[in-house]
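**Q** Pasting a structure below so you can have a look.
The values are calculated or read from the model by the stated rules, or taken from the named source; none is laboratory data. No experiment lies behind these values; they were computed from the predicted model shown. Glycine also receives a Cβ, built like all others from the backbone with ideal geometry; neighbour counts cover every protein chain displayed. SASA here: full protein model, heavy atoms, side chains in, ligands and nucleic acids out. Shrake-Rupley method; radii C 1.70, N 1.55, O 1.52, S 1.80 Å.
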Amino acid sequence: MTLQEVCSSLREWTRRVWGALSRRRTDHDLQRELAGHLALAEDELRRKGHAQSDAARLALAAAGGRIQALEALRDQRGLPWLDSSWLDVKLGLRLLVRNWGLTLVGGLAMTLAISIAAVVFAAFDIVMWSPLPLDEGDRVVAIQVWDREAGRRRDTTWQDLERWRASLQLVGDVGAFQTIRRNIITPDGSVELAAVAEISAAGFRVARVPPLVGRPIADADAAPGAAPVVVIGHDVWQRRFAGARDVIGRELRVGQDVHTVVGVMPDGFQFPFNFRYWVPLPLGADAMLRNTGPEGVVFGRLTPGATLARAHAEVSALGVLPSIEARPNPEATGARVVPYTFAFTGDFEPGEMGLLWSLSSLALVLLLLPPCANIAILNYARTVTRQQEFAARHALGGSRARIVFQLFIEALVLTAAAAAAALLVLRIVSVVAVERLQNIPGGPPFWMTFGVSYRTLLFVAVLALAGAALSGLVPALQATRRLAQLGTGALAGRTSVRLGATWTTLVIAQVAFSVAVLPLAAQLAWGTLRTGVVGPGFAAEEYATARVALEGGQSVLFGNRQRELARRLLADPGIVGVAAALRPPGEEPWVFVDIEGRDAPTEVVNGQLPGFLARFNQVDTAFFDLYQVPGLAGRRFTEGDVAAEADAVIVNRNFAETIAPGGNALGRRFRYVRATGSEWLHGPEADRWYEVVGVVGNLPVTTDARVAYHAAAPGQIDPAHLQLRLRGDPAGLAERLRDVVASVDPTLHVDEVRTLAEIYREHRFGDNLGAITIGAVTGSVLLLSAAGLYSLMAFTVAQRRREIAIRSALGAQPGHLVAAVFRRAFWQIGAGSAAGMLAAYLAGRYVPIEQIGGLPIPGILPGAAAFMLLVGVLASLGPARRGLRIDPTEALRSE
Amino acid sequence: MSNKEPSKAEVLRGTLDLMVLQTLAALGPQHGYAIGARLEQVSSGALTLNMGTLYPGLMRLEQQCLVKAEWGVTDNNRQARFYAITAAGRRRLAAEKKAWDQMVSVMHTLFEDPA
């Protein structure tokens, strides 16, 4: 085919698609042309001497069939298969409206499943595929020290950084950044705690973004003895210097040092991670460089022509030098190159991420299975009632494939509508997520965009197609299997199609699933919502918390500063109490606990967790009084309990009941288990025995948790969370706190100032979202079960219409007849309920509901079965009434 | 190789476009009936096109932008759609004619010189 012909063909097909969509030449226009042709032929024949009537007949005979010509023209005008598919779509839409029950139930379930899958996929997509918005951002890479044995990143040494910088040929502009937190103080005295990037000059070369004003950080700025300089972001320039052009040379205090502003970066520039202040990375001798985003990353840019794989090979070959600070697995520790944004995800191998992504996508597609199986049941029941229609189409020449395709398109209309609704849900979730994430300190990385990507759109389309295939194609193939044998019987309305054993099993499984899921969902929802319903148990709006830390973590100094801070805060008339803790109530870290004498394993074995799950907190002696926690047994903390060798612990009631059910917990000993593969980050030591010296009441905000409290003196917790009890309005607290803190020590940082009510409101947002999802999934499962049962009953009545009629004509009581018909169906509900209860019971024994965040509700299991039975009865009411109304004469006549 | 004879439609489709383009190039804008009549005339009645073949063919040429059409009035005052060859149509015609001539020459040589 020549190029000319290819172009012509392309033009033709473009026009045909356009013709199919726009109907550019109407049927009327086509008919007019054909009529003109016949008229001209008649004229010609008349001119040749034929009579009027003969001329018309002969013209028509010579020109061929007018209808056939019109059909051929229509086919040429557009795309015939598109036209017929469009008809199927219209039919599908009509069916959606007519069978509104199925539309509602199936559509809701499908929307829910696709929404959940789409939200998870989009989140993955955003984290994994958001490109770095820099010139050739995909060529910016991170170099990491990688412990292959532990599968985790390790800190980098300066020597390695220098070696990479000097030796690598395929990665240029190698540099690093470290995140530090400093109080930024302008000459007018205003204080702001901010994350500051200590960054190599190479960072600005890697980013390829020139400053708006002044210059970027230069290599010479990091030399020992160089004057401290700072580059600021556009919004800092506007906010703190009113956009003054003479900002260069002005002073800004960053922590203890006064820095000179040398440059302003353009609006939106935040590289390497959401920064607005950049200072030179001081050349260190011994100190390690953190190598986990966003704390610190070693970066570079692939040189022209280099690929990631080749750069990785080069870096691997170069490896790492033996570290001064011994690494856990020196033999298995090397270096690797990964895409830059990858440095901000967890400890994964690049291949693992891809695998995880593929597996997750597959798992998300599997989410469709439960709703699809249910909709397939409903579709099948509906399809078998349309045997007459299919038999007629088959008799008129419609192939089985054509009929199956029509049923697929009908299912696709439903799943496509669900997919559209799911995209809307996704849009709403992303808008809410952006709003919530903006409140988080630091926010999401600047390269993450929360729009719906083409990958997500494609994934949702695949879900819609897969959903239609599963819920429409399977029942369609099943229902049309014996189309050829149906013959005239089906045309007359008689059908021998039955709901086979598969479908009956599916209904039983559906009921079982509902009965098993209901208690789980209710208990999970109660566990999630309880705090929101009963409240935190104290006036949370009267309490506030603020994180304080000392620059450089000099804890000896920090203790004195903390005492001084508490003294000055108590002088504030708006503050009536001050205490310190590792975390505020309800945000304590989780740990595994082993009771003495039980020897819990240190890893998850056969689903058994290492010990039991609890929370711990470090608190000072004022903590319990501040929150008015009642003592139930034993004693409170004393000054002696804060010593490093002290092993005294106070536990809450839940904890006490777990380690000494019904008995006395005082004197019992326990230890924290360091689970294999996990890191022990802070707080009390792992594998050391602690003794319970006191039991206190549960704070309602942690009623669902077991909590152990350790005593701490000022300075022992760093950073600490100050706990403040307030008098009056908390407005302006953050500013007052910052002033007091700055007056004690300008290097003392304070942030995350929030009332506990605010914290719990944030928690509740997540809780409510979780509960809504649980509720929606459960509701949809119930609706699907009810619809499945309804279809089963309706179908049974329709199938046994003749039998009911005959037996009724022979004098049987209609009530008895209907009961007999439904006996089997109720037996199925009973079997399903029993199976569901057994499954729920076994699941509850294997994984206690408390372990997955739920709260047990007494009698929930039989309650769920009874509820399911009620749903079954309600779903059967309509078909039962129809069964009772069968008129024997009418029914038998129609046969 | 398939031992099936090429169908009549295939032969016609390949040559119909060429015949229509040539007719329009020689006679100027014509309506469908006139094009059909002309082809019948030059083939001495051997080629009779029915509407179901002629008009889809014209529509295909129009979709390929090789001809363009507009409504007009015939000499005997009938409404008809008049087709005219476009520049692209002329180029295609020239190319097809050349290929056709080459093929005829090859066939001619083959038939004349069986040895």
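**Q** Consider A:Gly49 against the criteria (1) surrounded by fewer than 16 Cβ atoms within 10 Å (Cβ to Cβ); (2) on the phi > 0 side of the Ramachandran plot; (3) facing chain B (nearest Cβ under 10 Å): it satisfies all of them except one. Which criterion is unmet?
**A** It fails just one condition, (3).
**Q** Report, by residue number, each residue of the range A:16-46 that is more than 9 Å from chain B (Cβ to nearest Cβ) and assigned to a loop (DSSP other than H, G, I, E, B).
**A** A:Arg23, A:Arg24, A:Thr26
**Q** Can you tell me how many residues in the range A:261-303 are within 18 Å of A:Arg327 (Cβ to Cβ), open to solvent by less than 40 Å² (accessible area, probe 1.4 Å) and in a loop (DSSP other than H, G, I, E, B)?
**A** Total satisfying the criteria: 2.
**Q** Are any of the residues in the range B:95-110 within 13 Å of chain A (Cβ to nearest Cβ), within 21 Å of A:Thr14 (Cα to Cα) and open to solvent by less than 50 Å² (accessible area, probe 1.4 Å)?
**A** no
**Q** Restricting attention to the range B:27-51, and to residues there that are small (Gly, Ala, Ser) and closer than 13 Å to A:Ala63 by Cα, which single residue is nearest to the other protein chains (Cβ to nearest Cβ)?
**A** B:Gly32
**Q** Looking at the range A:75-100, which of its residues are within 14 Å of another protein chain (Cβ to nearest Cβ) and surrounded by fewer than 18 Cβ atoms within 10 Å (Cβ to Cβ)?
**A** Residues satisfying the conditions are A:Asp75, A:Leu79, A:Pro80.
**Q** Among the residues of the range B:39-82, write down those that are closer than 30 Å to A:Val6 by Cβ and in contact with a Ser or Thr (Cβ under 7 Å, 6 or more places away or on another chain).
**A** Correct list: B:Leu39, B:Gln64, B:Cys65, B:Leu66, B:Val67, B:Lys68.
**Q** Let me ask something additional. Of the residues that make up the range A:202-212, is at least one over 23 Å from A:Pro322 (Cα atoms), over 34 Å from the mean Cα position of the chain (by Cα), surrounded by 21 or more Cβ atoms within 10 Å (Cβ to Cβ) and not small (Gly, Ala, Ser)?
**A** So far as the range A:202-212 goes, yes, one or more of its residues are over 23 Å from A:Pro322 (Cα atoms), over 34 Å from the mean Cα position of the chain (by Cα), surrounded by 21 or more Cβ atoms within 10 Å (Cβ to Cβ) and not small (Gly, Ala, Ser).
**Q** Let me ask something else. Is at least one residue of the range A:365-383 surrounded by fewer than 18 Cβ atoms within 10 Å (Cβ to Cβ) and within 21 Å of A:Gly293 (Cβ to Cβ)?
**A** no
**Q** Something else now. Assuming A:Arg66 fulfils every condition listed in (1) in contact (Cβ under 8 Å) with a residue 12 or more places away in the chain; (2) facing chain B (nearest Cβ under 10 Å); (3) open to solvent by less than 20 Å² (accessible area, probe 1.4 Å) apart from one, which condition is it?
**A** Evaluating A:Arg66 over (1) in contact (Cβ under 8 Å) with a residue 12 or more places away in the chain; (2) facing chain B (nearest Cβ under 10 Å); (3) open to solvent by less than 20 Å² (accessible area, probe 1.4 Å) leaves (3) as the failure.
**Q** Looking at the range A:306-320, which of its residues are in a loop (DSSP other than H, G, I, E, B) and either closer than 19 Å to A:Thr341 by Cα or open to solvent by 60 Å² or more (accessible area, probe 1.4 Å) (or both)? Step through it out loud before you land on a result.
**A** Taking the range A:306-320 and keeping what is in a loop (DSSP other than H, G, I, E, B), we get A:306-307, A:319-320.
Once the filter is applied, which keeps residues that are in a loop (DSSP other than H, G, I, E, B) and either closer than 19 Å to A:Thr341 by Cα or open to solvent by 60 Å² or more (accessible area, probe 1.4 Å) (or both), the range A:306-320 yields A:Ala306, A:Thr307.
**Q** Check A:Arg163 against each of (1) within 29 Å of A:Gly451 (Cα to Cα); (2) open to solvent by 10 Å² or more (accessible area, probe 1.4 Å) and name the one condition it does not meet.
**A** (1)
**Q** Something else: When you look at A:Thr179, is it surrounded by fewer than 22 Cβ atoms within 10 Å (Cβ to Cβ) and assigned to a strand (DSSP E or B), yes or no? Walk me through how you get there before you give the answer.
**A** Details: surrounded by fewer than 22 Cβ atoms within 10 Å (Cβ to Cβ): yes; assigned to a strand (DSSP E or B): yes.
Spelling it out, A:Thr179 is indeed surrounded by fewer than 22 Cβ atoms within 10 Å (Cβ to Cβ) and assigned to a strand (DSSP E or B).
**Q** Okay, next question. Those residues that are in contact (Cβ under 8 Å) with a residue 60 or more places away in the chain and of a type outside the set (A, V, I, L, M), I need them from the range B:84-115; list them, please. Let's see the steps before the verdict.
**A** Of the range B:84-115, the ones in contact (Cβ under 8 Å) with a residue 60 or more places away in the chain are B:84-85, B:89-90, B:92-93, B:96-97, B:100.
Selection gives B:Gly89, B:Arg90, B:Arg92, B:Glu96, B:Lys97, B:Trp100.
**Q** If you don't mind, another one. Working only within the range A:182-203, note down all residues that are assigned to a strand (DSSP E or B) and in contact (Cβ under 8 Å) with a residue 60 or more places away in the chain.
**A** Step one: list which residues in the range A:182-203 are assigned to a strand (DSSP E or B), which gives A:182-185, A:191-199.
A:Arg182, A:Asn183, A:Ile184, A:Ile185, A:Val191, A:Leu193, A:Ala194, A:Ala195, A:Val196, A:Ala197, A:Glu198, A:Ile199 - these are the residues of the range A:182-203 that are assigned to a strand (DSSP E or B) and in contact (Cβ under 8 Å) with a residue 60 or more places away in the chain.
**Q** Exactly one condition in (1) touching a Phe, Trp or Tyr at 6+ places or on another chain (Cβ under 6 Å); (2) closer than 23 Å to A:Thr156 by Cβ is not met by A:Val264; state its number.
**A** With respect to (1) touching a Phe, Trp or Tyr at 6+ places or on another chain (Cβ under 6 Å); (2) closer than 23 Å to A:Thr156 by Cβ, A:Val264 is out only on (2).
**Q** Looking at the range A:1-13, I want the residues that are facing chain B (nearest Cβ under 8 Å) and within 12 Å of B:Ala95 (Cβ to Cβ) and have a partner that is open to solvent by 60 Å² or more (accessible area, probe 1.4 Å) and modelled with pLDDT of 80 or more with Cβ atoms under 8 Å, at least 6 apart or on another chain. Which pairs are those?
**A** A:Gln4/B:Arg91
**Q** Collect the residues in the range A:624-646 that are open to solvent by 50 Å² or more (accessible area, probe 1.4 Å), more than 24 Å from A:Gly662 (Cα to Cα) and part of a loop (DSSP other than H, G, I, E, B), keeping them in residue-number order.
**A** A:Gln628, A:Thr638, A:Ala644, A:Glu645
**Q** Being part of a loop (DSSP other than H, G, I, E, B) and closer than 16 Å to A:Val258 by Cβ is the filter here, so list the residues in the range A:204-231 that pass it. Write out each step before concluding.
**A** Let us first name the residues in the range A:204-231 that are part of a loop (DSSP other than H, G, I, E, B), namely A:208-212, A:215-218, A:223-228.
Matches in the range A:204-231: A:Gly225, A:Ala226, A:Ala227, A:Pro228.
**Q** Ok, one more. Which one is nearest to the other protein chains (Cβ to nearest Cβ), of the residues in the range B:52-80 that are surrounded by 20 or more Cβ atoms within 10 Å (Cβ to Cβ) and part of a strand (DSSP E or B)?
**A** B:Ala80
**Q** Now for a separate question. When both residues are 6+ apart or on different chains and their Cβ atoms are under 7 Å apart, which pairs have a first residue that lies in the range A:810-830 and is at pLDDT 70 or above, and a second that is among the basic types (Lys, Arg)?
**A** A:Leu817/A:Arg807
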